[in-house]
Amino acid sequence: MNIKSQRVFTTLVVVCSFSFLITTVQFAHARAPEVGVQPQPQFRPRFTHQFRIDPDDQEDYMTGETPEGDQKYIKPQQNGDGYESDGSEFSDFEASEERWENSVTPEDGCFEILPYWTWVGTVKPVLNWGYRSDAGANPLCAVANGATAEFTIAGEKKVVTAHKDRDIWRADSPLDGCETRDLGAELIEYQITGMPAPARVVMPPCAKSKEVQFTFLADTQKAPWIAEVFSNILAKLPSQFVLHGGDHVQTGGNRGMWRQFFRAMRPMLGNQAIVSAIGNHDYRDSGKQARNYSEFFDVEPDKAFYVVEAGPVRLFVLNSNFYLKRIDIEEQVKWLESALAVPAQWKIVAFHHPPFSNGIGHLPLPFLSKEHLKIRTYLLPLFEQMGVDLVLNGHTHLFERARNNGIEFMTTGAAGGRMGPFGRRNSKVFFSAQKRTAFWLSADDRHLEVQVLGQSGEVVDTWVKAKSIFSRDVSLPFSIAPGR
Ligand SMILES: [Fe+2]
């Protein structure tokens with residue numbers, strides 16, 4: 001062995017010895033028990049594009065894995081091309097869920113579902129309620145001979161015999177919004193069997209109304225305690241009805257979730273009617289038939305598209321669940337062509353899936369949702385041709401604003417679902433944030449205004465359109481952190 005070879009050999013021996021020493025120290029350190037510290041289960045997030053896919057739904061979201069091996073939703077943060085999470089939102093969510101489940105509601109009394117008003121494709125609003133299965137044993141509930149509802153309108157009493165649809169009782173309001181106002185009243189007092197005291201409902205507007213105010217929220221699905229916060233905020237605002245953009249509950253087939261939904265929305269739905277667009281989660285039961293939705297809203301889910309006349313606003317509610325092959329977009333296009341042809345000062349369209357979004361999995365690669373493409377291809381040209389002013393959506397769990405060919409698109413952040421992660425930027429979306437919001441809308445013959453409210457009732461954004469003179473936007477996106 002020459003001198004050069006000896007030096008190389010010596011160097012190798014030194015390097016190997018040093019590496020062995022370092023490895024041994026690290027191994028020993030890693031195995032050293034920590035005195036006085038109990039081992040804590042660690043949340044092990046999966047990194048980088050881990051999706052759970054419903055093959056029909058095409059809804060994807062990121063999951064993490066608990067130490068027990070359960071899949072849990074995580075709030076991911078973008079990290080390079082991938083996403084990661086420490087699972088913190090998962091922990092907070094689970095704790096709140098437990099508190100809600102254990103909450104006691106003595107006001108429920110005789111009711112499985114407390115009285116609520118619907119205005120889903122009908123001229124008159126409808127009063128609905130569901131008795132508890134054991135209510136018959138309570139004489140105060142008196143369900144044996146069927147139920148009646150007593151309405152007082154402008155001092156005059158009318159008793160209506162209710163009819164039962166599956167487990168829900170229904171009584172049509174004796175008058176619609178126009179007829180009620182013709183009597184000089186906007187409110188109807190109502191009381192049904194088992195209710196401890198009469199309550200009051202604001203009648204929805206009618207075509208003759210000069211102005212209208214209503215509220216909008218969506219995706220209450222996973223956290224009724226958040227929906228309840230918004231419900232309390234919106235109930236204090238002047239409005240004649242509430243519009244829900246779909247995904248009322250996380251699992252449409254789970255009746256307990258519906259009970260929670262109606263309990264959370266009680267501050268509103270006892271006093272004003274709900275107009276509902278159906279979401280993909282509302283279809284989540286066996287065969288995706290949306291049976292509970294159908295029972296609670298008295299509508300055939302697949303045909304849940306209709307128009308309500310609300311003073312200067314014609315509001316078109318669509319069923320955008322086109323991932324279900326039986327939801328025929330051409331049927332709705334055909335219906336819309338004639339419905340939109342009726343002149344109106346303001347034309348607003350509401351449906352669940354936004355055509356433009358930065359939300360991951362909802363538009364960009366790797367999964368291109370069919371419903372968005374269909375909406376763009378079939379519906380947007382019609383909206384533009386027929387002078388639609390505003391489109392309201394939910395689904396992505398982001399507060400987003402987009403603009404395209406003179407139409408404003410506003411997507412409310414989830415009022416109960418987990419906040420959506422960001423995907424690839426969409427060129428039509430000019431503002432996008434992980435922000436829970438609900439909207440308050442106001443319209444007269446000159447102005448259409450949307451105020452975007454946060455969880456404390458604060459106004460975080462405003463959009464105004466003045467049609468007869470000019471169109472303008474007043475956006476205050478700086479009041480919330482930009483999403484991207
Ligand atoms: Fe959805």
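The values are calculated or read from the model by the stated rules, or taken from the named source; none is laboratory data. Keep in mind the model is a prediction, meaning the values are calculated, not measured. Because the Cβ atoms are built from the backbone with ideal geometry, glycine has one as well, and the counts that use them run over all protein chains shown.
Side notes on the structure shown:
Results for (1) surrounded by fewer than 24 Cβ atoms within 10 Å (Cβ to Cβ); (2) on the phi > 0 side of the Ramachandran plot; (3) not assigned by TED's automatic domain parsing to the domain that holds residue 264, shown as yes or no for each residue.
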residue	(1), (2), (3)
383	no, no, no
395	no, yes, no
425	yes, no, no
432	no, no, no
452	no, no, no
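- Filtering the stretch 201-218 to residues that are within 23 Å of residue 258 (Cα to Cα) and modelled with pLDDT under 95 leaves nothing.
- Residue that is farthest from the ligand (Cβ to nearest atom), among those in the stretch 207-230 that are closer than 27 Å to residue 186 by Cα and hydroxyl-bearing (Ser, Thr, Tyr): 209
- Members of the stretch 184-204 found to be in a loop (DSSP other than H, G, I, E, B) and acidic (Asp, Glu), listed by number: 186
- Pairs, first over 17 Å from residue 393 (Cα atoms) in the stretch 277-288, second more than 11 Å from the ligand (Cβ to nearest atom) and not in a loop (DSSP other than H, G, I, E, B), C-beta under 6 Å, six or more apart: 285/291
- Residue under evaluation residue 248, criteria (1) within 15 Å of residue 113 (Cα to Cα); (2) assigned to a helix (DSSP H, G or I); (3) modelled with pLDDT of 95 or more, criterion not met: (2)
- From the list 314, 266, the one residue that fits, being modelled with pLDDT under 95 and of a type in the set (D, E, K, R), is 266.
- Count of residues meeting criterion [surrounded by fewer than 24 Cβ atoms within 10 Å (Cβ to Cβ) and within 16 Å of the ligand (Cβ to nearest atom)] in the stretch 231-260: 5
- Matching helices (runs of 4 or more DSSP H) fully within the stretch 311-420 where at least 2 residues are within 16 Å of the ligand (Cβ to nearest atom): 370-374
- Residue list for the stretch 212-225, filter: farther than 14 Å from residue 273 by Cα and surrounded by 21 or more Cβ atoms within 10 Å (Cβ to Cβ): 218, 219, 220, 221, 222, 223, 224
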